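Input: a single structure, listed below in structure tokens.
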Amino acid sequence: MVIDKLQLVWSSLPNLLEGALVTIKLTIAGLGLGIILGLPLAFGQIYGNYLIRGLVSVYERVLRSIPLLVILFLIFYGFPNAGIKFSPFIAAVLGIGLRSAAYQSQIYRGAIQSVSGTQMKAALSLGMNRVQAFIYIILPQAVRIAIPPFANEAAIVLKDTSLAYALGVIELLRHGSYIIATTFEPMTIYLTIAAIYFIMTVTINTILGKLEERMKIPGIGVEGGSR
Amino acid sequence: MSKKEILRIVDLHKSFGDNEVLKGISLSLKQGETKVVIGTSGTGKSTMLNNINMLIPPDKGHIYLEDVDVTTTHDISRIRQQIGFVFQDFGLFDHLTAKGNIMIGLTKVKKMKKSEAEELAMFELERVGLQDFADSYPAQLSGGQKQRVGIARALAMQPKLILFDEPTSALDPELIGEVLTVMRDLAREGMTMLIVTHEMGFAKSVSDEIIFMENGKIVEQGPPEQLFNNPREERTKEFLFKLNELYGEGGA
């Protein structure tokens, strides 16, 4: 009996791992888009004028207040009404990335602002211009501060890629449902899928936790960044 | 005394909203002079220092570093390199070692070679008695040590003048002495310094001139003996009397 289940898991693995690969692609693309958009959003909110700060706040508030599934449906099913069509994969990346950008902008804003203002003043007083001060003084510290919350966001994005299922992206969860449709073994297959998600999430946290440990500034305790 | 004038401030004004913090400050500093600015909190002492290197630009008035008008220069970074600034809360770069804190201005601003910058950094650390802490990070140093690194960092840029903004106000009492000792040595070596402090004993023994500020104006300035023992202005007397009440004869 148990042997049968294990055999089913074993024979399903190639298909499931193929799906996991798509999940990883969605995660990397979604996070990447989140970084590319999140950084300028954070800069806009910190250094921008009244109008830019307002626009960023609105974007961030709106995207954080709508369920991801609704965002995905809007992009994939809604946008074609306006003549904008995307493939399921691209639509999923856009939805995940646009929402992650809203969260990531807050991570970067907080990290940049938590480096004390006196350090900026000190850098300027040495004769650095603002760009130099940002690159040599603020950024190296902000990156370190941003790693733990970024790891958290990465884990959330990874798990939320499962919503791409609803657009018909053939990722890990959908591969599983195909297998279930022919084997009628939902318990075994969903448990296997859960285990694969678990391993991927733990891996992300471990890697970023190691990075955080390596970049730790001596004397400043940043214990237990993983979650 | 016909020494070269390093700093001259003429009729400096600064307001924050409706609050006029500086109401026409004028003073000058010759090469090698140490002047100490005293006065109650909120009288614009800090604002004045921040005006001098344009970290907070003044509304009106002129500031000359030797012959250059700081308020109208197009290359403020170049001026700032020549004006050291020591902060109340140190302003050390937390991700860099003591040595790294000193080197970064030399390599990134002065474009000095790394080996030369390191040599100079070590020299300045020795000057403030911290050669053994070159590889320590700010979080591993005491407040007094941090401030000495802050001073060494300013010194390494070989400035024409150093501004001190309440350099000991954030320190535990037992750590104040080591910082004042370093500053005393600098004064003796002929560094030009403008110091805002509440350390009256230090002000008395080190300064060439005391500047008493109140409500955005200079009430009185003069040599320490005269100002402390024989103040001309009624307000100065009252201020010194209050200090005596607080700290006893001669202040802290």
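Each row is one residue, and each column tells you yes or no for (1) touching a Gly at 6+ places or on another chain (Cβ under 9 Å); (2) open to solvent by less than 40 Å² (accessible area, probe 1.4 Å); (3) within 14 Å of chain B (Cβ to nearest Cβ).
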| position | (1), (2), (3) |
| --- | --- |
| A:Ala146 | yes, yes, yes |
| A:Glu171 | yes, yes, no |
| A:His175 | yes, yes, no |
| A:Tyr190 | yes, no, no |
| A:Ala194 | no, no, no |
| A:Gly209 | yes, yes, no |
| A:Gly219 | no, no, yes |
| task | Starting from the range B:26-47, take each residue that is without any contact (Cβ under 8 Å) to a residue 40 or more places away in the chain and open to solvent by 10 Å² or more (accessible area, probe 1.4 Å) and list its partners that are part of a loop (DSSP other than H, G, I, E, B) and hydrophobic (A, V, I, L, M, F, W, C), counting only C-beta distances under 8 angstrom and pairs at least six apart or across chains. | result | B:Thr47/B:Ile56
| task | Quickly run through the range A:130-141 and pick out the residues that are more than 10 Å from chain B (Cβ to nearest Cβ) and within 15 Å of A:Ser114 (Cα to Cα). | result | A:Phe134
| Any pair with Cβ under 6 angstrom, 6 or more apart, that starts in the range B:132-151 at a residue that is crowded, with 20+ Cβ neighbours inside 10 Å and ends at one that is outside any helix (DSSP H, G or I) and not hydrophobic (A, V, I, L, M, F, W, C) | B:Tyr137/A:Pro218; B:Tyr137/A:Gly219; B:Tyr137/B:Thr97; B:Pro138/B:Asp94; B:Gln147/B:Pro167
| query | Which of the residues belonging to the range B:102-114 are facing another protein chain (nearest Cβ under 9 Å) and within 14 Å of A:Gln119 (Cα to Cα)? | reply | B:Ile104, B:Gly105
| query | Name the helices (runs of 4 or more DSSP H) wholly within the range A:19-122 that hold at least 1 residues that are touching a residue at least 40 places away in the same chain (Cβ under 8 Å), touching a strand residue (DSSP E or B) at 6+ places or on another chain (Cβ under 9 Å) and open to solvent by 20 Å² or more (accessible area, probe 1.4 Å)? | reply | none
| request: Quickly run through the range A:160-187 and pick out the residues that are in a helix (DSSP H, G or I) and either free of Cβ contacts under 8 Å to residues at least 24 places away in the same chain or of a type in the set (Val, Ile, Thr) (or both). | output: A:Thr161, A:Tyr165, A:Ser177, A:Ile179, A:Ile180, A:Ala181, A:Thr182, A:Thr183, A:Pro186, A:Met187
| task | Quick one: count up the residues across the range B:88-98 that are open to solvent by less than 10 Å² (accessible area, probe 1.4 Å) and facing chain A (nearest Cβ under 7 Å). | result | 2
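Determine, yes or no, whether A:Gln141 is open to solvent by less than 50 Å² (accessible area, probe 1.4 Å), farther than 20 Å from A:Gly44 by Cβ, free of Cβ contacts under 8 Å to residues at least 12 places away in the same chain and in a helix (DSSP H, G or I).
no
The values are calculated or read from the model by the stated rules, or taken from the named source; none is laboratory data. None of the values given here were measured: they were computed from a predicted structure. Quick reminder, even Gly has a Cβ in these numbers, built from the backbone with ideal geometry, and neighbours come from all protein chains shown. Surface areas here come from the heavy atoms of the whole protein model, side chains and all, with no ligands, DNA or RNA. Shrake-Rupley method; radii C 1.70, N 1.55, O 1.52, S 1.80 Å.
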